[in-house]
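The values are calculated or read from the model by the stated rules, or taken from the named source; none is laboratory data. Since we're looking at a predicted model, the values are computed, not measured. Cβ coordinates were reconstructed from backbone atoms using ideal geometry, including for glycine residues, and neighbour counts include every protein chain displayed. With ligands, DNA and RNA removed, areas are computed over all heavy atoms of the protein, side chains included. Shrake-Rupley method; radii C 1.70, N 1.55, O 1.52, S 1.80 Å.
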Amino acid sequence: ETGVTQTPRHLVMGMTNKKSLKCEQHLGHNAMYWYKQSAKKPLELMFVYSLEERVENNSVPSRFSPECPNSSHLFLHLHTLQPEDSALYLCASSGRAGSGANVLTFGAGSRLTVL
Amino acid sequence: GDSVTQMEGPVTLSEEAFLTINCTYTATGYPSLFWYVQYPGEGLQLLLKATKADDKGSNKGFEATYRKETTSFHLEKGSVQVSDSAVYFCALSDYTSGTYKYIFGTGTRLKVLA
């Protein structure tokens, strides 16, 4: 499979649940990103990993915990979320974090609903 | 800080109409500029890009010119099709505070009617 694959595509969870989102890329990229997409708001960058090291964390609440075990996989662990965390979570990858002309390749997203 | 502002939607057009979606930016450095498109149920896809002033990006009949003097990167298409219905995001990538950042606008929804 090519491109950026995200699972699950849809997730409904209660505020006390623990779940994880998974992202996988087969593009040979070495940088991966988590974005949050909410209605009528700009995309919010949550985390950036370059060569499996976190290079940016945009003051995301600790109830979101990323993990990047290798350059092809990225996880977002979720626990004790709030209803306002309901959104589309997009994973992206790029060839090299830090290149202004580089293009982000996005997955289709995981639609999260917190009850 | 850096920012991207694009026109609010939805923009509703008839098939074969001319399209313009305005995008302006503020940046302290020399950003690269992008338009991404998001079709229903999908992630964002790169539509076109420009890396320096006066560059024109083009793809699938869409065009945008990097205008440094007006800090703009407006998206245009001469004749839209129903299949162009999607959400369009303007974005920049810039080097600030020791790191590169990608910043997106809020998106503009385009509806094309047959």
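The figures follow:
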| quantity | calculated |
| --- | --- |
| Tally of residues being farther than 11 Å from B:THR108 by Cα and surrounded by fewer than 17 Cβ atoms within 10 Å (Cβ to Cβ) across segment B:21-34 | 4 |
| The lone exception for B:ASP2 - which of (1) at the interface with chain A (Cβ under 10 Å from one of its Cβ atoms); (2) surrounded by 13 or more Cβ atoms within 10 Å (Cβ to Cβ); (3) of a type outside the set (A, V, I, L, M, F, W, C) it fails | (1) |
| Single unsatisfied condition, A:LEU81 versus (1) more than 21 Å from B:THR106 (Cβ to Cβ); (2) buried (at least 19 other Cβ atoms within 10 Å of the Cβ); (3) modelled with pLDDT under 90 | (3) |
| In segment B:29-56, the residues that are small (Gly, Ala, Ser) and either in contact (Cβ under 8 Å) with a residue 40 or more places away in the chain or more than 25 Å from A:TYR35 (Cα to Cα) (or both) | B:GLY29, B:SER32, B:ALA53 |
| Elements of type strands (runs of 3 or more DSSP E) in segment B:27-97, at least 1 residues being at the interface with chain A (Cβ under 10 Å from one of its Cβ atoms) | B:32-38, B:44-50, B:86-96 |
| Residue tally, condition within 14 Å of chain B (Cβ to nearest Cβ), of a type outside the set (S, T, N, Q) and over 17 Å from A:ASN102 (Cβ atoms), over segment A:48-73 | 2 |
| Selection status of B:LEU92, touching a helix residue (DSSP H, G or I) at 6+ places or on another chain (Cβ under 8 Å) and open to solvent by less than 10 Å² (accessible area, probe 1.4 Å) | no |
